[in-house]
Amino acid sequence: MAEPSIGITSEEYPNPVSLENLSVSDGLPDLAVFQEGVLENNLLSITGMDKKLWQSARVELESTALVTVESIPDAASPFLHFHPILLPWLARLLAEDRRQELEAQYRKHYCGLAKFLFKNESRTPDLIRSIIAREIPNMKYALYLCIRAGESERIMELGICLERFLEDLGRLQERDGIVKNLEKLNSRKEKLSNAEFLMQIRKGEALLQEGRAADAEKVFQRLLESFEAGADYDGEYDYGMALVGSGRCLTAQGLHTRAIERHRDAIDVFEGLSGKRSDAERMVGYSHADLADNLKDIGQLDEAKMHYETSLDVIRENDEQRGISVVLGRLGTIAMMQDDLKGAAEKISEALRICQRLDDPPQEAAYWYELGTVHEKSENWDDADQCYHEAMFIYERIGDLPKLAQSLQQLADVTEESGRLDDAEKWYLKALELDETLSDSAGISFCCNNLACICLEQDRLDEAETYALRARKINEELETSTETWKPFEILAQIADKKGDSKKVDTWRQKSEKSQDEFSEGVKPQVSKLLKDFKLVIEAVVAACVGNEGAKRTVDKSFERFRKGGWRIEDAIRAIWAGERNEMVLARDIDLGSRAIVLAILSLLKGQNPFEDIDTEESVGAEQETEEWPEEEREISLTDLIEMAVLASGSGAPPEIKEQMMQIVHHMAGEPVPEVNALGQVLKAILSGDKNPDLSSLPDEMAAVVREVLGES
C-alpha cells in the first residue's frame with residue numbers, strides 16, 4: 001500500500017542496511033517500529049520488553065555507538081537517539097505478525113501521548129516542548145499508521161495535535177501538508193462526527209486567533225446547531241467546548257451579555273461531567289475565568305471576583321501554572337479597580353513570580369507595568385519606578401517598541417511626580433526619540449508638552465518655548481486633538497516669565513480662542529449626539545446604580561458604536577468600574593465619544609446635560625447617525641421590554657420613565673389589539689410589577705416578555 005502524503009517525506013524512512021556484527025537479543029527487533037529515537041519509558045511501554053533484558057541490550061548498543069543517550073531536565077526517563085543504520089537493519093528481523101501487533105500498540109500509545117502533551121503544555125511548558133521536539137517523528141509515523149488502519153477518530157485527534165506542535169516548532173510546511181491532507185481524508189457525515197468536530201473547532205480557534213471573531217463565531221454556532229440536531233457520538237464534553245469557543249468569539253466582539261450566557265451554559269455542562277472526566281473538571285476552572293472576564297468588562301466586579309476565585313481553586317488543583325498566573329493577574333486587576341491597592345500588589349506580584357518561572361517575557365513585562373501602575377496609584381514612587389524600569393528592559397529586549405514608549409512615558413511621569421525633574425526629562429527625551437521613530441504624533445505632542453513644563457519650571461525658557469511651539473504645530477495638524485490650547489497656555493507662562501506682556505496677551509487670546517472654537521465647533525454635533533444617544537447615556541447612569549436591564553441595553557449599543565467607528569466602549573466600562581476622572585476617561589477617544597462621556601459624568605453629578613435639547617422632539621425619534629444602518633434603528637420587542645424594566649428601576653433617571661410613559665400612551669391609541677395589550681403590559685412593568693398579566697398577548701409575544709423579565 002502506497003504511503004499517503006501527509007507531510008512526511010520518504011527520506012525520513014531510510015532503506016535497510018546490514019549490521020552483521022551486532023548480537024541480537026530477544027525483543028531487540030521490536031525497536032524497528034520507532035523513528036529516529038524514543039523516550040525510554042515509551043519504548044518499554046509499547047514493546048513490553050523486560051527491563052533487565054533491555055538494560056543488557058542498551059549497554060551493547062551504547063558501546064557500539066548505535067544508541068546515544070540524552071538526559072532531558074525533569075523528564076522521567078532519557079531520550080534514546082538511534083544511529084541511522086540500526087532501525088532499518090532490525091526491521092529485516094521483525095516478523096510481520098509481531099510488527100502488526102506493535103503498530104497497534106504504537107498507534108494507541110502515541111495518540112494518547114500527543115493528547116496528553118497538547119492538554120498539559122501550560123503546566124510544564126519547557127519539559128513538554130522538549131519531549132514534543134524529540135518525539136515528533138514517532139507521532140508523525142503514528143498518524144501515517146492511523147491513516148493506513150482507517151482509524152478516523154485517532155487521525156483527527158493526532159492530526160490536530162501535530163498541527164499545533166509543528167506550528168510551535170516553526171515547521172510550517174510540514175504543518176500545511178498535514179492540514180491539507182487531513183481535510184481531504186475527512187468526509188462530512190449527515191450527523192456530526194467526532195472527527196468533523198475536531199476539524200471544525202480547530203478552524204474556529206484559528207479564525208479567532210487571526211482576529212476574525214465574527215467568522216469564528218459562525219463556525220462555533222454551526223457546531224452548536226449540529227449538536228442540538230444530534231451527533232453520531234457521545235459529544236457532551238465537545239458541546240461544552242463549542243460553547244466555550246462561541247463565548248470567546250462573542251467576547252472578542254464586545255457582546256458580553258451573550259458571552260456570559262454561553263459561559264454559564266458551558267459551566268453547567270462541564271460540572272455535569274466533572275465526576276466522569278478529569279478534563280471536564282479542568283474546563284470548569286477555565287470557564288469560570290472566561291465568565292469572570294466578561295463580568296469584569298461590564299463592571300460587575302464583585303461577581304467577577306467570585307468567579308475568578310472559583311477558577312483559581314480549580315486550576316490550582318490541576319497545578320496549571322500558566323492558568324494560575326493569568327487568573328491571579330485578573331484578580332489583581334479587580335483589586336486595583338476596587339481601590340484595594342495592597343491586595344492588587346499581592347496578586348500581581350504572585351502572578352509575576354509564576355510568569356518568571358515559565359519564561360514568558362511579554363506577559364512578565366505586562367505584569368511589571370501593571371504592578372508599576374498599582375504603586376503609582378499608591379504614590380510609592382520608588383517601587384513604581386523600579387517596576388516600570390523592569391517593564392522597559394523587557395520590552396526593549398523583545399523589541400516591542402510601542403509598549404517600550406509607554407513604559408518610558410510612565411517612568412517620566414513617576415519621576416516628575418516625585419520631584420526628580422532631571423530624571424523625568426531624561427525619560428521624556430528617550431520616549432520622544434522613540435515616538436519619532438514610530439511616527440507617533442500624539443506621543444510626540446505629549447512628550448513636548450511635558451518637556452516644555454519641566455523646562456519652564458527650571459527657568460530654561462528658550463528650550464521650553466521650542467518644545468511648546470513644536471507641540472502647538474503638531475496639535476494643529478492632529479484632527480483628533482481635543483486640547484490644542486495647552487501649548488498656548490505654556491507659551492503664555494513663558495512670555496510672562498520673560499516679562500513680555502504683549503506676547504502673554506497674544507498667547508492667552510489664542511488659548512481662549514482655541515477653546516472657544518473647540519466649544520462652538522462641536523456644539524451643533526454635541527447637541528445632535530446627546531439627542532441621538534439620550535437613552536444610552538441615561539442607561540449608562542442607571543447601570544451605575546445596579547440596574548442590570550440598563551447594562552443589557554447599553555451592551556447591545558456597543559456593537560453599533562463599533563460599527564460607527566466610536567471609541568467609547570472602554571470609557572463606559574471604566575465608568576461602571578468607578579472611574580470619574582474626566583481626563584482619564586476622555587484620553588485617546590474621538591470628539592463624539594468625549595461628548596457622550598462628559599454628558600454621562602454630568603448626569604452622575606445630578607446635572608442636566610440635555611438642557612438645550614427639545615425633549616419632546618427626541619422622544620420616539622429614530623436614530624439619525626449615518627453610521628447606524630437603517631435596519632438597526634428599529635426597536636425590537638425585546639428592546640422595548642428591557643427599556644420598560646430599565647425605567648422601572650429605582651435608580652433610573654426620571655426622564656427614561658417619562659419617555660416610556662409617552663410610548664405607552666401612544667400605544668393605547670393604536671387600533672391593533674396586540675399593541676393595546678402590549679401597552680398595558682408595559683404600563684404594569686413601569687409600575688414595578690415583575691409578574692404582569694400576559695393572557696391578552698399572543699403566545700410568541702408573551703414568551704419574549706417572560707424571557708426578558710426572567711433575566712432581569
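The values are calculated or read from the model by the stated rules, or taken from the named source; none is laboratory data. What you see is a predicted model; the values in this text were computed from it and never measured. When we count neighbours, we look across all protein chains shown, and the Cβ atoms used for this are built from the backbone with ideal geometry, even at glycine. Please note that ligands, DNA and RNA were not included when accessible areas were found on the heavy atoms of the full protein model with its side chains. Shrake-Rupley method; radii C 1.70, N 1.55, O 1.52, S 1.80 Å.
Remarks
- Shown in residue order for the stretch 304-314 are the 3J(HN,Hα) couplings computed by the Karplus curve 6.51 cos²θ - 1.76 cosθ + 1.60 at θ = phi - 60°: 4, 4, 4, 6, 4, 5, 4, 4, 4, 4, 5 Hz (x for Gly and Pro).
- Taking amide H as placed 1.01 Å from N in the peptide plane, the amide H of Leu39 sits under 5 Å from that of Leu80, each at least 5 places away or on another chain.
- Taking all Cα pairs closer than 8 Å and separated by 6 or more residues, the relative contact order of the stretch 99-166 comes to 41 percent.
- Counting heavy atoms of the protein chains alone, Met306 has an accessible area of about 100 Å² for a 1.4 Å probe.
- Projection of the Cα convex hull of the stretch 243-316, averaged over all directions and equal to a quarter of that hull's surface, yields 4.3 nm².
- Stokes-Einstein D (µm²/s) once Rh is taken as the Kirkwood radius of the stretch 76-175 over alpha-carbon pairs, at 10 °C in 1.306 mPa s: 109 µm²/s
- Amide H partners (placed H, <5 Å) of Leu192, local residues excluded: Asp232
- Solvent-free Debye calculation, one equal scatterer per alpha-carbon of the stretch 56-113: log10 I(q)/I(0) at 0.31 Å⁻¹ equals -1.07.
- Per-residue SASA entry for Phe118, accessible area with 1.4 Å probe, Å² rounded to 10: 60 Å²
- Lys/Arg +1, Asp/Glu -1 at C-beta; the stretch 21-108 dipole; positive extreme among Ile85, Leu61, Met49: Met49
- Set Lys296/Lys430; Lys377/Lys486; Lys305/Lys534 screened for pairs whose C-alpha atoms are more than 29 Å apart: Lys296/Lys430; Lys305/Lys534
- Evaluated with a Cβ-only charge set (Lys, Arg +1; Asp, Glu -1), the stretch 54-200 carries a dipole of roughly 340 debye about its Cα centre, given to the nearest 20.
- The convex hull drawn around the Cα atoms of the stretch 221-273, when projected onto a plane and averaged over every direction, covers 3.4 nm².
- Prolate/oblate/rounded label for the stretch 145-246 (Cα gyration tensor, a/c 1.5): oblate
- Lysines with Cα under 20 Å of Lys115, excluding same-chain neighbours fewer than 8 positions away: Lys140, Lys203, Lys276
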